[in-house]
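The values are calculated or read from the model by the stated rules, or taken from the named source; none is laboratory data. Treat the numbers as computed from the prediction; the structure is a model and nothing was measured. Here Cβ is always computed from backbone atoms with ideal geometry, including for glycine, and neighbour counts include all displayed protein chains.
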Amino acid sequence: MTDFEAQVLADLSVLKNQMGTLLGDGNSGRIASIEGRVGRHEQSLQRARGFAVASGALFTLLQLAFEILRRK
């Protein structure tokens, strides 16, 4: 085996180990972990949007009630 072949095999072994870490070797890898974190972040963002819409609607109804009471 030449030095070049040995170097290629060593690099291939390193690449295989890095892919195993990234994708997982039967267990969740780093990509699955990142996907989970992104999913939780999106869920939190949707909750925040819902809270903002509900708060805006409540504030609008309160403002309307004050305006109606002020005109009487």
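Mind counting the residues in region 31-72 that are over 30 Å from residue 20 (Cβ atoms) and in a helix (DSSP H, G or I)?
Residues in region 31-72 being over 30 Å from residue 20 (Cβ atoms) and in a helix (DSSP H, G or I): 28 in total.
Here's the yes/no breakdown for (1) exposed (fewer than 10 other Cβ atoms within 10 Å of the Cβ); (2) out of contact with any Asp or Glu (no Cβ under 6 Å at 6 or more places or on another chain); (3) modelled with pLDDT of 95 or more:
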site: 3; (1), (2), (3): yes, yes, no
site: 10; (1), (2), (3): no, yes, no
site: 17; (1), (2), (3): no, yes, no
site: 23; (1), (2), (3): no, yes, no
site: 26; (1), (2), (3): yes, yes, no
site: 45; (1), (2), (3): no, yes, yes
site: 56; (1), (2), (3): no, yes, yes
site: 64; (1), (2), (3): no, yes, yes
